[in-house]
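The values are calculated or read from the model by the stated rules, or taken from the named source; none is laboratory data. Just so it is clear, the model here is predicted, and its values are computed rather than measured. Don't worry about glycine lacking a Cβ; one is built from the backbone with ideal geometry, like all the others, and counts go over all protein chains shown. Areas reflect the complete protein model, heavy atoms only, side chains present, ligands, DNA and RNA absent. Shrake-Rupley method; radii C 1.70, N 1.55, O 1.52, S 1.80 Å.
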Amino acid sequence: CSVHWCYDSQSQSCGPKHWKEIQSTCGGKSQSPINIDMSNVDRDNNLQHFVFEGYSTVPPGQWSIANNGHSVQVTLDTNVSISGGGLVGKYKALQLHFHWGNGLSYGSEHTINKKQYPMELHIVHMSERYTDIRDALKKTDGLAVLGFMLEVTETDNPNYNTLTDVLEKVSHQGDKVWLSSTFQLNSILPKVARLSQYYRYQGSLTTPNCSEAVVWSVFEEPISISKAQLMKFANTLYFSARGESEQKMQNNFRSPQPLNGRRVSASKD
Ligand code: SG4
Ligand code: ZN
């Protein structure tokens, strides 16, 4: 990761407006996230359904959860992959993480018709055609990130308890735990039948170094969790390491970036 970048909620002097000073790529022409204007997308028949492999069972000991000082991240140390979805070849899942706000009204990175959700889930995959992440970050199709919006409903989403229950163990930057339970990755997503509707565009990582290496798929169907589950992220996690002055991990999202002529495609009308 880059020398010193942060979100505005940590300090104004290293927030998103300053990222391009640290890393010129962050001022590039194909940056993420974006606002998706549903009335200005191109229908693309190549955007068929995704094929998810290994999403139903991530075995014990093959996934860990960590606080990297920017987000809470689940690292997948096993064969989980996607193909289809208009992608060329297979993409191996590396990790997933979240972006959120400090309440119910904002927190997502992508917006749909200018609507911002309180949280967004990203599942980061790397093309099997490239040897490692360094190589992949140099290619416009090196990574495929799946983006899911989270919305708040009255009832808990029991499938999220696996994650929310361990947040206390990774409250501070640098904390990491290996899990000895099975992780059902598909259970934290919308039902598979609802995954055929998504938007596709060419973009970047939403944090420095902002590499323009991401084929983005943003799904229309949101995931529901309760307010208590959402607030567990915002109130349990800290940007700061143990012993440093405590900074709650809140508002770890970047705002929508200019399209600069890029087109957004849609899988369905
Ligand atoms: C989060 O900070 C992740 O924890 C980072 O993962 C990730 O960077 C970064 O977001 C950008 O990813 O899907 N939002 S995003 O565009 O995947 C990378 C790590 O730091 C390189 C490993
Ligand atoms: Zn992300």
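The rows are residues; the columns are (1) aromatic (Phe, Trp, Tyr); (2) under 19 Å from the mean Cα position of the chain (by Cα).
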| residue | (1), (2) |
| --- | --- |
| Lys176 | no, yes |
| Phe183 | yes, yes |
| Asn186 | no, yes |
| Tyr198 | yes, yes |
| Leu205 | no, yes |
| Ser217 | no, yes |
| Glu220 | no, yes |
| Ser245 | no, no |
| Gln250 | no, yes |
Practice item. Find the residue count for the stretch 163-178, including only residues that are more than 16 Å from ligand 2 (Cβ to nearest atom) and open to solvent by less than 50 Å² (accessible area, probe 1.4 Å). Key: 8
Review point. Given the conditions (1) open to solvent by 50 Å² or more (accessible area, probe 1.4 Å); (2) within 17 Å of Ile34 (Cα to Cα); (3) assigned to a loop (DSSP other than H, G, I, E, B), and given that Phe253 satisfies all but one, which numbered condition is not satisfied?
Key: (1)
Exercise for review: Filter the stretch 94-116 down to residues that are within 14 Å of ligand 2 (Cβ to nearest atom), farther than 13 Å from Ala234 by Cα and among the hydrophobic types (A, V, I, L, M, F, W, C) and give me whichever is least open to solvent (accessible area, probe 1.4 Å).
Suggested key: Leu96
Practice item. Provide a single number: the residues in the stretch 119-138 that are more than 13 Å from ligand 1 (Cβ to nearest atom), open to solvent by 10 Å² or more (accessible area, probe 1.4 Å) and touching a helix residue (DSSP H, G or I) at 6+ places or on another chain (Cβ under 8 Å). Key: 1
Check your understanding: So how many residues does the stretch 195-211 have that are touching a strand residue (DSSP E or B) at 6+ places or on another chain (Cβ under 7 Å), of a type outside the set (Lys, Arg) and within 16 Å of ligand 1 (Cβ to nearest atom)?
Key -> 7
Point to revise | Members of the stretch 139-192 found to be touching a helix residue (DSSP H, G or I) at 6+ places or on another chain (Cβ under 9 Å), hydrophobic (A, V, I, L, M, F, W, C), in a loop (DSSP other than H, G, I, E, B) and closer than 23 Å to Gly107 by Cβ, listed by number | key: Leu189
Study note, to complete from the structure: The one condition Phe183 fails out of (1) open to solvent by less than 10 Å² (accessible area, probe 1.4 Å); (2) touching a His at 6+ places or on another chain (Cβ under 6 Å); (3) away from ligand 2 (no atom under 15 Å from the Cβ) is (2)
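From the residues in the stretch 1-39 that are basic (Lys, Arg) and part of a helix (DSSP H, G or I), which one is most open to solvent (accessible area, probe 1.4 Å)? Give the steps one after another, and end with the answer.
Kept after step one, since they are basic (Lys, Arg), are these residues of the stretch 1-39: 17, 20, 29.
If we keep only those that are part of a helix (DSSP H, G or I) too, we end up with 17, 20.
Working: Lys17: 142, Lys20: 120 Å².
By that ranking, first place goes to Lys17.
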